[in-house]
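The values are calculated or read from the model by the stated rules, or taken from the named source; none is laboratory data. Note that the coordinates shown come from a computational prediction; the quantities given were computed from them, not determined experimentally. Reconstructed Cβ throughout: ideal geometry from the backbone, glycine too, with neighbour counts over all protein chains shown.
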Amino acid sequence: MNVADWPVWVRLAQDAAPLLPQPSFLPLLRQAGWALVLAALVPTVMQGFGAHRIRDKAGLLALACALWAGIPGPWGLSYWLGLAFQTPSLMAMVLSLQYLWQRLTQRKWPQTWQAPGLPAATPQPSPCWPCRYAVLGMVLGWLLLLDTFAYLPVALYAWGFSPLAYALFLLLAMAPWVMAPGYVQTAPAPALLCVLAVFGLTRWPTGNVWDAVLDPWLFVGLHVYLFARYRAHRGD
């Protein structure tokens, strides 16, 4: 029996090669990624404006930015964002998709910013797992930034190609279910499991697990999220 006649799943198991997308598909994936991120980010930012007239146009502006990001070539917003930031991380895309799905099912945009995946009327579980994941992501982002300028004694980014880094993120994703028997499902852990599942099959976007779970925009967003949670806590 010839190898070419084997079922597809058998050949994938034998080859164990990453299913990275074809180069011709990369612009489409970049456009879809930035469209998702902008559609979730624009209304979130606009909720900070005091004028109700501006907040009421959040959904329309988000749709316009998403369509603009989907335009191919230099006329599209994703082209210029891709030059500076490449492709959004899988984590940012999954969180944006989760956020948009929740807002569409609720048929309204939130009046105040909150973590994706948590209903507006639902209190945060204790302990605050979204805060813990945000702190871990922020610390990881600073370490990768220091590694970029060769301030660390080890090559942290290169370690992202190792299976050990992937296994570590799997353990982090399962931590809430293991450590908290009364765990209330929140966005970060299920989203991280989805990201790791896609990355394990495809090694997308670069084959490095750091690029799948973190990107510059998400790194900045974690700072904003933690600062907002701190102000809300001080306000209580």
- Task: Scan the stretch 17-53 residue by residue and report those that are under 26 Å from Arg203 (Cα atoms), among the polar types (S, T, N, Q) and at pLDDT below 85.
- Result: Gln22, Ser24
- Query: Going by the structure shown, is Ala173 surrounded by 15 or more Cβ atoms within 10 Å (Cβ to Cβ), modelled with pLDDT under 75 and within 19 Å of the chain's Cα centre (by Cα)?
  - Reply: no
- Given the conditions (1) in a loop (DSSP other than H, G, I, E, B); (2) surrounded by fewer than 13 Cβ atoms within 10 Å (Cβ to Cβ); (3) β-branched (Val, Ile, Thr), every one holds for Thr206 apart from (2)
- Name the residue, out of Pro88, Pro74, Pro110, that is within 21 Å of Val224 (Cβ to Cβ), modelled with pLDDT of 85 or more and not in a helix (DSSP H, G or I). Pro88
- Looking only at the stretch 86-107, and only at residues there that are over 15 Å from Gln31 (Cβ atoms) and of a type in the set (S, T, N, Q), the one that is surrounded by the most Cβ atoms within 10 Å (Cβ to Cβ): Ser89
- Message: Criterion first (out of contact with any helix residue (DSSP H, G or I) (no Cβ under 8 Å at 6 or more places or on another chain), without any contact (Cβ under 8 Å) to a residue 24 or more places away in the chain and under 29 Å from Gln102 (Cα atoms)) does Phe227 satisfy it?
- Response: yes
